[in-house]
Amino acid sequence: MIDGTSQTEESVVELPASESLLAFRVGTILVILGLGLAAVSAFTGPNWTLLWLACVTLVLAVVAPSVVRRMDYRQD
């Protein structure tokens, strides 16, 4: 099993910082937006519409960076 683990670690390709920076920014902005919406919904009372919107935004924060990486956006 240790040999299988080392093969998996060797097969993972790390992206250079210039290629993954945009995906990192997209994920960070969506997390900040989602947490902000959740805070506003908690502050205004249990505003369920804003809470669901915050949950959807946080799910998108998980998915969106991988989509940006796969679309191969590079900063030229």
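Just so you know, all these numbers are worked out from the coordinates, no wet-lab data involved. No experiment lies behind these values; they were computed from the predicted model shown. Counting neighbours? That spans all protein chains shown, and the Cβs are built from the backbone with ideal geometry, glycine included.
Annotations
- Ranking of 20, 41, 66 by count of other Cβ atoms within 10 Å, fewest first: 66, 20, 41
- The stretch between residue 64 and residue 49, if pulled fully straight at 0.36 nm per residue, gains 3.2 nm over its current Cα-Cα span.
- Hydrodynamic radius of segment 15-70 by the Kirkwood approach over all distinct alpha-carbon pairs: 11.8 Å.
- Normalised contact order of segment 15-70, rounded percent, pairs of Cα under 8 Å and 6 or more residues apart: 47 percent
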